[in-house]
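What follows is a single structure, written as structure tokens, with notes after it.
The values are calculated or read from the model by the stated rules, or taken from the named source; none is laboratory data. All of these numbers come straight from a predicted model, not from anything done at the bench. Positions of Cβ are generated from backbone atoms using ideal geometry, with glycine treated the same way; all protein chains shown enter the neighbour counts. SASA here: full protein model, heavy atoms, side chains in, ligands and nucleic acids out. Shrake-Rupley method; radii C 1.70, N 1.55, O 1.52, S 1.80 Å.
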Amino acid sequence: NRKAAAEVETYLIAQNQQHLPTNMADVQKRFTSIPYGWREIDIAAVVARLIYEQKATVKYGGETIRADDERLPDFLRKRSEVGKTKIQKREMISIQKMKESRDFLRSFFDIMDVPEDDDGLVEFIICEFENLKEHYDKLLNKYEDNNYPDKNKIIEAKATVSDLLYAKTDNIALVNKLIEMEDKLEDMQEDMETIEDFFKSQVDTFDEATRLESLLRSDLDYLHDETEVNDALNKIRLIVTINPKKDDFDYSDVPRLNDYMKIVKDGHNRLLAGKREEILEIVRQCMEEIHKGNRNDVYISDIIQKTDDFYTQKKKEIAETESLRILDGFIPGIWSEKDGAVKDIIAIEKSKVEAEKRRKEEEEGKKSGEDELVKETLVTSEPQKKKHIKKFYRQSLFPARVLESENEIKEYAKTIEENLMTLLRDCDGIEIN
């Protein structure tokens with residue numbers, strides 16, 4: 001087999017010197033003929049040996065077919081393929097280029113163990129840069145739904161790696177391309193260092209600051225008078241708001257976000273604590289008024305239990321809510337729940353009073369039949385007139401005031417009484433909501 005391989009190698013050298021293109025069909029035609037008379041399978045095995053020993057190169061469709069390619073046996077002996085399979089004497093990568101490329105790869109990937117043979121080196125280049133390209137794809141995936149800096153640099157880095165891998169179909173072309181792109185690859189790696197560090201150690205801080213800035217957009221009105229908090233929030237906004245058209249993101253700003261977030265959180269939490277205290281006091285007042293109802297009455301007890309459950313849930317929501325605006329939105333519902341419960345309790349108590357009154361009247365005896373007949377006649381003869389009830393909001397009837405003395409309280413109550421009496425003059429009743 002070694003002598004046979006030497007014969008085929010000599011033939012390929014001669015073809016190369018004469019600049020004659022050669023395919024597997026040519027090789028089979030020569031070595032199945034006199035004086036050789038080899039079988040096609042033996043010829044394929046000899047050529048495979050030359051490929052394995054890096055003495056011959058096989059190309060199919062312009063692509064260099066490597067020794068571990070599963071398609072190689074078909075290319076070497078299948079009748080439909082041998083005419084398309086080009087073969088030539090292997091042109092070895094020069095020792096100088098091997099050394100230069102290996103030195104670069106050691107430095108670029110920070111690794112010492114780089115293959116010394118042609119195929120091993122080419123396979124190493126393809127494998128490492130394919131992995132690097134896949135890594136850049138994973139980084140780009142992190143930009144989905146996130147506004148991180150320097151996305152364009154990753155896109156450019158991926159394009160640079162793809163440009164190198166475009167030459168992977170030819171060993172010598174690939175090594176030459178690598179040497180040609182050394183400066184460009186080093187510049188790419190330098191640009192990517194800060195981005196890599198960002199995703200390793202800074203992205204969590206950046207994400208937290210982005211979420212905080214987004215959360216507080218609805219609370220800006222409440223922070224209007226908080227100068228220090230507003231200043232820190234503006235600095236956060238300047239850092240996390242990325243302009244894709246600009247290429248000057250300063251990664252040294254990211255660690256400063258921690259200090260800015262502390263200022264914003266402290267100020268916002270202080271306002272949250274005050275707002276929660278305010279709303280919990282409203283809850284306390286509402287529950288206190290509802291609990292004045294008679295618990296011995298089964299219907300009133302049910303109302304009290306229902307409102308207790310409502311306010312218990314509200315307390316939990318108040319403790320968990322991180323937005324001042326949302327907290328303020330709880331207040332109307334808290335008052336409304338109280339108003340509804342109190343109205344129902346009053347209606348129950350009123351019906352009990354009326355029932356008791358009717359019971360006493362029955363005990364005292366009914367009035368004469370004539371009186372009942374007259375009463376019934378009057379009731380049925382006079383049409384029921386629909387009452388005109390006007391609705392007013394408490395905020396309009398009870399303006400905000402700070403009352404510091406008994407006289408001020410009396411004056412305030414007197415003013416409200418006068419206003420209510422005036423409103424009652426042109427209607428049958430007033431409903432206060």
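Quickly run through the range 399-420 and pick out the residues that are aliphatic (A, V, I, L, M), under 25 Å from Ser336 (Cα atoms) and surrounded by 10 or more Cβ atoms within 10 Å (Cβ to Cβ).
Looking only at the range 399-420, we keep the residues that are aliphatic (A, V, I, L, M), and these are 400, 402-403, 409, 413, 416, 420.
Next, only the ones that are under 25 Å from Ser336 (Cα atoms) stay: 400, 402, 413, 416, 420.
Residues satisfying the conditions are Ala413, Ile416, Leu420.
Taking only pairs six or more apart or across chains, which ones have beta-carbon atoms under 7 Å, a first residue in the range 229-244 that is part of a helix (DSSP H, G or I), and a second residue that is hydroxyl-bearing (Ser, Thr, Tyr)?
Between residues of the range 229-244 that are part of a helix (DSSP H, G or I) and residues that are hydroxyl-bearing (Ser, Thr, Tyr), the close pairs are Ala232/Tyr260; Lys235/Tyr260; Ile236/Tyr260; Val240/Thr210.
Table: residues versus (1) open to solvent by 60 Å² or more (accessible area, probe 1.4 Å); (2) in a helix (DSSP H, G or I); (3) within 28 Å of Phe129 (Cβ to Cβ).
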position: Lys3; (1), (2), (3): yes, yes, no
position: Val8; (1), (2), (3): no, yes, no
position: Asn16; (1), (2), (3): yes, yes, no
position: Pro35; (1), (2), (3): yes, no, no
position: Glu70; (1), (2), (3): yes, no, yes
position: Ile87; (1), (2), (3): no, no, yes
position: Gln96; (1), (2), (3): yes, yes, yes
position: Lys99; (1), (2), (3): yes, yes, yes
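Taking helices (runs of 4 or more DSSP H) that do not extend beyond the range 129-206, which have at least 1 residues that are touching a residue at least 40 places away in the same chain (Cβ under 8 Å) and either under 30 Å from Met92 (Cβ atoms) or acidic (Asp, Glu) (or both)?
Values: elements: 151-165, 171-180, 182-197.
Result: 171-180, 182-197.
Identify all residues within the range 1-26 that are touching a helix residue (DSSP H, G or I) at 6+ places or on another chain (Cβ under 6 Å) and farther than 19 Å from Met92 by Cα; write none if there are none.
Ala4, Met24, Ala25
Criterion first (modelled with pLDDT under 90, open to solvent by less than 50 Å² (accessible area, probe 1.4 Å) and more than 30 Å from Val229 (Cβ to Cβ)) does Ile348 satisfy it?
Numbers: modelled with pLDDT under 90: yes; open to solvent by less than 50 Å² (accessible area, probe 1.4 Å): yes; more than 30 Å from Val229 (Cβ to Cβ): yes.
Criteria met by Ile348.
If Leu324 passes every condition in (1) open to solvent by 50 Å² or more (accessible area, probe 1.4 Å); (2) at pLDDT 75 or above; (3) in contact with a Leu (Cβ under 7 Å, 6 or more places away or on another chain) but one, which one does it miss?
Looking at each condition in turn, Leu324 falls short on (1).
Taking only pairs six or more apart or across chains, which ones have beta-carbon atoms under 7 Å, a first residue in the range 1-23 that is of a type in the set (A, V, I, L, M, F, W, C), and a second residue that is not in a helix (DSSP H, G or I)?
Leu12/Thr22; Leu12/Ala56; Leu12/Ile87; Leu12/Gln88; Leu12/Lys89; Ile13/Lys89
Being part of a helix (DSSP H, G or I) and in contact (Cβ under 8 Å) with a residue 40 or more places away in the chain narrows it down to one of Arg30, Arg49, so name that one. I'd like the intermediate steps shown before the answer.
Working: Arg30 fails: in contact (Cβ under 8 Å) with a residue 40 or more places away in the chain.
Criteria check complete, one pass: Arg49.
Which residue out of Glu278, Glu228 is of a type in the set (Asp, Glu), open to solvent by 80 Å² or more (accessible area, probe 1.4 Å) and either touching a Leu at 6+ places or on another chain (Cβ under 9 Å) or more than 20 Å from Glu322 (Cβ to Cβ) (or both)? Can you show your working first?
Values: Glu228 fails: either touching a Leu at 6+ places or on another chain (Cβ under 9 Å) or more than 20 Å from Glu322 (Cβ to Cβ) (or both).
Every option except Glu278 fails the conditions.
Does any residue of the range 42-62 turn out to be among the small types (Gly, Ala, Ser), modelled with pLDDT under 90, more than 30 Å from Asp183 (Cα to Cα) and open to solvent by 50 Å² or more (accessible area, probe 1.4 Å)?
There is at least one residue in the range 42-62 that is among the small types (Gly, Ala, Ser), modelled with pLDDT under 90, more than 30 Å from Asp183 (Cα to Cα) and open to solvent by 50 Å² or more (accessible area, probe 1.4 Å).
When the residues of the range 105-132 are filtered to those that are buried (at least 16 other Cβ atoms within 10 Å of the Cβ) and more than 39 Å from the chain's Cα centre (by Cα), which remaining residue is farthest from Leu50 (Cα to Cα)?
Once the filter is applied, the top-ranked residue is Val114.
Condition first: in a helix (DSSP H, G or I) and in contact with a Leu (Cβ under 9 Å, 6 or more places away or on another chain). Can you find one or more residues in the range 57-66 that meet it?
So in the range 57-66, the residues in a helix (DSSP H, G or I) come out as none.
No: the range 57-66 contains no residue that is in a helix (DSSP H, G or I) and in contact with a Leu (Cβ under 9 Å, 6 or more places away or on another chain).
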